[in-house]
Number of protein chains: 2
Amino acid sequence: MASLPNGAAAAAGGPSGAPVVDKEVDFANYFCTYAYLYHQKEMLCDRVRMDAYHSAVFRNAHHFRGKVVLDVGTGSGILAIWSAQAGARKVYAVEATNMAEHARELARANGVQDIVEVIQGTVEDIELPEKVDVIISEWMGYFLLRESMFDSVICARDRWLKPDGVMYPSHARMWLAPIRTGLGDKKMEDLDIAMDDWGQFVGETQAYYGVNMNALTKAYRAEHEKYYLKSSIWNNLHPNQVIGKAAVIKEMDCLTATVDEIREVRAQVMLPISLDGARLAALAGWFDVHFRGSKQNPAAEEVMLNTAPDENGGTHWGQQVFLLTPSLSVSKGDNVKVSFSMVRSKENHRLMDMEFTYELHEFSGKQHPAVTTKMYLE
Amino acid sequence: MASLPNGAAAAAGGPSGAPVVDKEVDFANYFCTYAYLYHQKEMLCDRVRMDAYHSAVFRNAHHFRGKVVLDVGTGSGILAIWSAQAGARKVYAVEATNMAEHARELARANGVQDIVEVIQGTVEDIELPEKVDVIISEWMGYFLLRESMFDSVICARDRWLKPDGVMYPSHARMWLAPIRTGLGDKKMEDLDIAMDDWGQFVGETQAYYGVNMNALTKAYRAEHEKYYLKSSIWNNLHPNQVIGKAAVIKEMDCLTATVDEIREVRAQVMLPISLDGARLAALAGWFDVHFRGSKQNPAAEEVMLNTAPDENGGTHWGQQVFLLTPSLSVSKGDNVKVSFSMVRSKENHRLMDMEFTYELHEFSGKQHPAVTTKMYLE
């Protein structure tokens, strides 16, 4: 035997028939990732992320001064400490993992232990002694919704935010764009190598051990096609890889969004190509979030956290690349019609199953047949 | 946020206070690894493993001819198919994951579908219509006991093996040996780099974001020392890295072993050094298992599966390297006294927590102070 160490691939799903959300499984698969300082540091080193939240808080200190704040998933406690430094009267910093202890230490070491109260637990379970003026949280996963952590922010908001309270961030958007990339060729090559290797294995197992493994060839190919071609790929793209106009496929007001609204995302967009003689090899997905305060309490200065391709360097979120096989030859003036749907994986509600249908409408008027492909964000 | 994809590091443990064995967590963390054909193939390509089981079965076909066999954790079904090919009247092949479906296909494709009955479930839960003559299983994890899968074999044996039944394998041993390796220097360097990097991070976070992170330096170092120095390292060693005599630290008769007997392993051994002017940088751990049949039903030909360092190439189990910091200068004639204990990790019963105490007794009579270190097999 010898299973992979450190449970690699564990999040790929429980057994069929498992309940959709088992709390203990969720802890073992999800929360524990955030119990490592190594991982906290990676997020704390993301300058784009840090700058956005830092600016959002300190340039809008009027939202914090004398106010009560709730930080959902405080991790190392950074947002809670900033909230205190910006003048909050009280900050409840909720953290499910043992990282809570470190957040407590950090608050103490930064002299805000009387303001920041770290509460270890899930926001669904804990109780607060009062309603709050601000909910701050860094809840965004890959392609915004991976991890499904915004569910917890919604729960916190519905339980604890005052009627005139403010959400940090206040708005979020998901984007889709046509891109060129060599990743697909590389993955196709990897798949070919894997299948050649399998072919040799089948021959050898028959020759040495008298067992015909060919019955599993189809399943082996399916497993590997899913892995190489149908799993979205993390990448920090260069802006010149984007060969057309990006489109918003989802907009969310964090003050009013519901779990029903994010459990399933559907969109149909037209992506205009802006480059001649290009190969449309993939679509890329990313997100941005905005700090605008609320209608009643607008921001003094609006701040945006953007994870789009950026030549000055990326974020730890990067972008998600969804390979198109086959790729398409496109030219300036063409349009690609994309129908997109995303639902949560049945086996793990924090992962996403997607379906893309793409259809090339040439500038000349020629229309190509639609291609539909499944894609997995794991 | 953005947690690691595919739940890397997930098996590192549930939240404190979680029950020791939660079935759903266990599935998500452990069994699912075996649901990938990719992983099955890796085991099926391990020639040392395959040759040993193949020889054990076919050179002892008298144990199988006309008999009833139970395969615990059949995976792709290979051992069940061999048992049928060796003449078994009936083979019950138990598999917890969806790999069961592939095992069924494979049995069909190899014409033994009337003999091999694949049952999807855990051996703790399933029912058989009869007792069995042979239990065959490939249950060994890294350093023999990682994964704690032998518990399930014991359960199967106590529930279903006839009084004169035979275990395949019949015996198992764990070994410990003194070795030389550069791995420790490399890991120490990695730790230094990680801590330098942390130092810079602390400075920058203070300068740019007004938060003093120094309170977490100690915890960060502890986390990284555990990761780099106190986690055992998978390696396929060359025999000339072994600088003394290996010692058996555990022997097990699979016919009589109990869970109590393997839940905790303790040993005290003396390891004689056989190389002059060597540096004892680590201890290495491995195992072997034997196919000897039983007293009443001895093997016609005894077979051994050995995972010791081998210049002709290793197994997918490799060996586990336990770094000694500090390392010791040793010479021929010296002895290293090692006290070893291993218990299951509180957070995940399939992982192991170890403690080593090592003490150099020089040939000259000079005795060095004992050093005690914890070590984790994850």
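The values are calculated or read from the model by the stated rules, or taken from the named source; none is laboratory data. For clarity, every value in this text was computed on a predicted model and none was experimentally measured. When we count neighbours, we look across all protein chains shown, and the Cβ atoms used for this are built from the backbone with ideal geometry, even at glycine. Please note that ligands, DNA and RNA were not included when accessible areas were found on the heavy atoms of the full protein model with its side chains. Shrake-Rupley method; radii C 1.70, N 1.55, O 1.52, S 1.80 Å.
Tabulated results
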item: Efficiency of FRET between A:Glu355 and A:Gln206 - r from beta-carbon atoms, R0 45 angstrom, step 0.05; result: 0.75
item: Interface B:A - total buried accessible surface [probe 1.4 Å, Å², rounded to 100]; result: 7000 Å²
item: DSSP-defined antiparallel bridges as percent of all bridges, chain B, nearest 5; result: 75 percent
item: Length gained when the stretch A:Glu42-A:Arg263 is fully extended (0.36 nm per residue, less Cα-Cα span); result: 76.8 nm
item: Rounded accessible area per residue of region B:162-221, 1.4 Å, Å²; result: 45 Å²
item: Dipole magnitude (debye, nearest 20) for region B:175-292, charges at Cβ of Lys, Arg, Asp, Glu; result: 280 debye
item: Heavy-atom SASA rank of A:His54, B:His63 (probe 1.4 Å, accessible area, largest first); result: A:His54, B:His63
item: For residues of A:207-220, the mean tally of beta carbons on other chains within 10 Å; result: 6
item: Region B:23-138 - percent of accessible surface contributed by carbon and sulfur, probe 1.4 Å; result: 49 percent
item: Centroid-to-centroid separation of region A:194-213 and region A:119-178 [C-alpha atoms, Å]; result: 51 Å
item: Probe 1.4 Å - accessible area at A:Arg104, Å² to nearest ten; result: 80 Å²
item: B:Met188 accessible area, 1.4 Å probe, all protein chains in place, Å² to nearest 10; result: 80 Å²
item: Relative contact order (%) - chain B, alpha-carbon pairs under 8 angstrom, separation at least six; result: 18 percent
item: Relative contact order [Cα under 8 Å, 6+ residues apart], region A:23-138, whole percent; result: 27 percent
item: Fully extended contour minus Cα-Cα distance, from A:Ser339 to A:Val248, at 0.36 nm per residue; result: 31.5 nm
item: Centroid-to-centroid separation of region B:330-378 and region A:61-76 [C-alpha atoms, Å]; result: 49 Å
item: R0 of 51 Å, Cβ-Cβ distance A:Asn297-A:Ser364: FRET efficiency to nearest 0.05; result: 0.45
item: Average partner coverage of A:281-290, which counts Cβ from other chains inside 10 Å; result: 0
item: Apportionment of accessible area to carbon and sulfur, region B:223-347, percent (1.4 Å); result: 46 percent
item: Extension gain (nm, one decimal) between A:Arg89 and A:Leu255, 0.36 nm per residue minus Cα-Cα; result: 57.5 nm
item: ³J(HN,Hα), Karplus 6.51/-1.76/1.60, whole Hz, each residue of region B:304-313, x for Gly, Pro; result: 10, 10, 10, 10, 5, x, 9, 6, 8, x
item: Global form of region B:289-377, assessed from the alpha-carbon gyration tensor, a/c cut-off 1.5; result: prolate
item: For A:Trp175, solvent-accessible area (1.4 Å; no DNA, RNA or ligand), Å²; result: 50 Å²
item: Probe 1.4 Å, protein heavy atoms only - accessible area per residue of region B:23-138 in square angstrom; result: 34 Å²
item: Average beta-carbon neighbours from other chains, 10 Å sphere, peptide A:38-45; result: 5
item: Beta bridge orientation in the protein assembly as shown: antiparallel %, DSSP, nearest 5; result: 75 percent
item: The protein assembly as shown - charge dipole about Cα centre, Lys and Arg +1 at Cβ, Asp and Glu -1, debye rounded to 20; result: 140 debye
item: Å² of accessible area per residue within region A:246-332, as computed with a 1.4 Å probe and no ligands counted; result: 45 Å²
